[in-house]
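The values are calculated or read from the model by the stated rules, or taken from the named source; none is laboratory data. Source: prediction; values computed, not measured. FYI the Cβ positions are ideal-geometry reconstructions off the backbone, even for glycines, and counts take in every protein chain you see.
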Amino acid sequence: MGSHAKSWLLEHETAREMLERVQAERPFLLLPPLHRVPIRVGNVVELAGPSSSSKTHILIQAAITCILPKQWNGVSYGGLGHSAMFIDLDCRFDISRFSELLNHRIMEAGSSSKVGCHKMESEAQFARMEHYNEELFALCMKRFLYTRCYDSSEFLATLKTLHYRLQKERQAHGLNVHLLLIDSIGAFHWLDRGSSSFSLEGDNRKSWHLQNVSEAVVQEIRRLLLVHPMLVMATKAVALGNKYSTNELTRSYGKWPAADNQYSRNVTSTDQKLPYREYMPAVWQSFVTHRILVRDTDDDSVNDEHPNNSVFLLEWLMPPVNSLDKFTVTNTGVFILS
Amino acid sequence: MERFRWRHGCEEIREKDGKKDKGEYWHWGFEFLTLCFCFGSGGQLATTPAVKARLLSAALFIAGGSDHVVLVAPYEVVEPYIRPSLWALESNFQAEDELKKRRRLFSSFSISSLVKYMAPLKNLETEYPIIDPSFRKFCASHGIFSVEDFLIHDLYMLAAFAEQDISSERLKEMICISHGGMEWNCWKMLKGINMIDLLLGGGIHIGQLTELVGPSSSGKTQVCLQTASNVASNHMVLYIDTSNSFSPERIAYFLGKIIDVASAQAKNQILQKVMSNILCHSVFDIFAMFDVLHQLESHLRYQDAGGCQMRLLIVDSISLLISPVLGSSSTQGRALMLSAGYLLKKLAHQHNLAVLVINHTVGGEGGCSKPALGDSWKSIPHSRLFLSCVRGSNDYNALILKHPSMDQPLQDDTSIGSRERNFIDLGIGID
């Protein structure tokens with residue numbers, strides 16, 4: 001009995017060793033433009049923003065960073081080499097655009113590494129390079145899992161069967177899913193609110209209310225995170241208040257008659273109140289660990305290197321960081337401007 | 001044999017302002033089943049909630065003593081209840097406890113759409129023998145009567161409650177049943193239709209929902225007609241017309257410009273073929289549109305892959321259908337709008353259609369116009385195109401508001417910073 005107790009008290013590792021191990025297994029991810037606050041597997045990040053403010057683009061770039069390998073054939077791509085799962089609730093995902101972006105990233109990484117060494121003169125080298133790129137593209141696309149749901153019922157069914165699907169992927173390809181991307185978690189909000197089904201009084205029957213559906217969704221994701229530790233990133237479409245409202249037509253295109261900067265925004269938001277109206281139920285709000293607000297700006301003055309692309313503004317709401325990041329999106333990724 | 005006869009009933013309501021509203025129903029009953037068909041007054045949107053409630057309560061009252069009531073009603077009568085779910089009007093049955101327990105209602109929108117989630121588990125038994133009576137009894141004891149309930153519940157807790165003969169294997173199989181397979185349709189094909197193709201990067205995408213916004217008489221209908229005439233030469237087109245704007249003469253005019261066949265007879269033949277490829281439906285409220293779309297869905301699902309395929313769906317003025325619903329009651333209206341949008345996207349993706357919808361503009365802040373239907377609609381279409389007419393000339397401007405590949409740098413160096421193109425000749429000029 002005494003030896004049992006003693007062996008129970010023996011230490012397995014020190015705190016420092018534990019920290020090192022955890023850092024290695026679950027490293028902090030610094031994906032631009034979310035580089036201010038380190039996020040890691042197990043966090044739930046919510047990207048809120050009005051329509052057309054590059055939220056889906058950020059998700060896509062995060063997915064690409066996740067599925068690219070760290071190094072392949074001597075070229076370093078700087079990716080994580082894990083799988084990513086994309087649940088499309090908005091049903092607006094464009095796979096041709098995704099493959100275009102992936103190809104751009106592969107080619108850019110390939111060409112930037114070659115420039116340092118030597119010029120690619122021979123045809124054979126070029127062909128080989130193309131072949132490698134295609135192989136890598138196929139490898140990466142295998143790691144990108146996609147599913148689309150038109151309904152809350154389909155979404156719930158997907159979440160419930162996701163565990164078995166991920167398990168199958170792990171057994172078949174040996175891939176771990178590290179990223180769960182949900183496009184527009186609030187997509188079915190109005191549909192669920194509108195469907196009021198009365199429950200029979202006295203029966204212990206759950207009715208299909210918004211509350212019950214959201215609780216079921218959060219519970220399923222929580223369960224999933226226990227077995228498959230992942231980073232969850234969800235976008236949410238919001239309508240900003242009057243101060244931040246944008247009308248797409250008043251962008252400064254010279255010929256456009258109504259182009260005046262009357263409604264350009266004040267970008268300082270120092271109050272802790274949310275600049276938009278929160279509509280997700282409380283169970284989801286408490287599930288989210290990090291919250292970000294992105295929006296579009298008219299301000300093109302800082303945009304010297306990428307004159308054709310619009311600038312977006314990113315603000316960390318939770319945990320609050322007192323600075324705003326400006327970034328722009330291009331084919332090869334997200335670039336921070338200031 | 002009185003109970004095997006069809007019986008007719010009628011409910012009349014006199015509103016506070018003196019208007020009378022009427023609804024009628026026909027019902028036929030057997031021991032455990034009652035069939036009840038309900039109709040609103042003239043099938044109009046104007047059927048008030050009061051009439052609906054009365055109709056439905058009458059239907060339930062008739063069905064006293066039945067285990068099951070099948071309520072078949074057009075959209076107008078069950079309009080607030082978008083999802084055909086199991087419900088009961090509690091207020092009518094406060095006093096009748098035992099009736100309440102046996103009351104199960106199944107409602108369906110149209111003949112072809114019994115949504116698979118709402119069906120009771122009993123119906124799935126033939127297809128999936130795993131759902132035998134003992135499993136159903138177990139489910140019923142936890143308040144699960146349909147697949148929908150199954151989705152809301154916590155399965156691991158259920159497994160913990162399960163008795164010996166219900167193992168977690170069964171529950172797992174149950175989950176797989178409720179989850180249909182998701183297929184991936186390749187949609188890389190683009191359509192080269194007209195000059196707007198350049199702006200949209202090659203054409204209206206198949207599998208995506210494109211929206212044309214613009215103030216009145218900015219050429220939206222003309223763009224649709226020209227698109228339809230271009231596509232109809234090779235594929236079928238469904239034109240859902242809400243404002244009687246479909247004009248065969250215009251189609252013939254556009255065709256006349258692109259066909260360069262010498263003989264008038266050959267031209268006529270081509271014209272006949274094109275006209276027969278365009279199906280035009282006039283709808284005047286959103287429920288009729290749902291009906292048309294559901295019929296289209298079942299038709300596309302069961303048609304064989306030969307012959308002329310349908311490739312284009314045009315909804316002329318979806319805003320005319322949705323705006324009346326949006327104003328009346330906020331949640332129902334928005335839910336209807338979003339379910340219409342999702343249905344269109346689903347049709348586009350699963351059956352490889354290109355969907356083109358037309359929207360109007362309303363006044364926004366500062367006097368400039370913005371697209372109608374509000375913020376919730378903004379996230380539905382894949383691409384949005386704003387058309388406008390330059391005053392005092394025949395020119396029309398087109399501007400992209402949203403596009404999946406919008407952040408691509410423009411190939412044309414002369415238009416840096418501008419995403420606008422002037423089309424001098426969209427073929428819309430005054431004859």
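Out of (1) in a loop (DSSP other than H, G, I, E, B); (2) within 11 Å of chain B (Cβ to nearest Cβ); (3) modelled with pLDDT of 75 or more, what's the single condition that is false for residue A:329? Against the list (1) in a loop (DSSP other than H, G, I, E, B); (2) within 11 Å of chain B (Cβ to nearest Cβ); (3) modelled with pLDDT of 75 or more, residue A:329 comes up short only on (1). Has region A:11-28 got at least one residue that is in contact with a Phe, Trp or Tyr (Cβ under 9 Å, 6 or more places away or on another chain) and either farther than 21 Å from residue A:178 by Cβ or assigned to a loop (DSSP other than H, G, I, E, B) (or both)? So far as region A:11-28 goes, no, none of its residues is in contact with a Phe, Trp or Tyr (Cβ under 9 Å, 6 or more places away or on another chain) and either farther than 21 Å from residue A:178 by Cβ or assigned to a loop (DSSP other than H, G, I, E, B) (or both). For region B:217-234, the condition of being within 24 Å of the chain's Cα centre (by Cα), surrounded by fewer than 19 Cβ atoms within 10 Å (Cβ to Cβ) and at pLDDT 80 or above holds for none of the residues.
Just one of the numbered conditions (1) at negative phi; (2) in a loop (DSSP other than H, G, I, E, B) is not true of residue B:270; which one? For residue B:270, the failing item is (2). Whenever a residue of region A:124-135 is in contact (Cβ under 8 Å) with a residue 12 or more places away in the chain, its partners that are part of a helix (DSSP H, G or I) and surrounded by 12 or more Cβ atoms within 10 Å (Cβ to Cβ), lying with C-beta atoms within less than 7 angstrom and at least six residues away or across chains, give the pairs A:129/A:110; A:133/A:106; A:133/A:107; A:133/A:110.
Residue by residue through region A:139-184, note down the ones that are in a helix (DSSP H, G or I), over 24 Å from residue B:157 (Cβ atoms) and of a type in the set (A, V, I, L, M). The answer is A:139, A:141, A:172.
Given the residues A:9, A:47, A:31, A:59, which is the only one that is modelled with pLDDT under 80 and surrounded by 15 or more Cβ atoms within 10 Å (Cβ to Cβ)? Give the steps one after another, and end with the answer.
Numbers: A:9 fails: surrounded by 15 or more Cβ atoms within 10 Å (Cβ to Cβ); A:47 fails: modelled with pLDDT under 80; A:59 fails: modelled with pLDDT under 80.
Matching residue, one of A:9, A:47, A:31, A:59: A:31.
Which of the residues that make up region B:206-257 are at positive phi and free of Cβ contacts under 8 Å to residues at least 60 places away in the same chain? If the condition is that a residue be at positive phi and free of Cβ contacts under 8 Å to residues at least 60 places away in the same chain, then B:244 is the only one that fits.
Looking at A:56, A:65, which one is touching a Gly at 6+ places or on another chain (Cβ under 8 Å) and not in a loop (DSSP other than H, G, I, E, B)? Step through it out loud before you land on a result.
Values: A:56 fails: touching a Gly at 6+ places or on another chain (Cβ under 8 Å).
Unique residue meeting the criteria: A:65.
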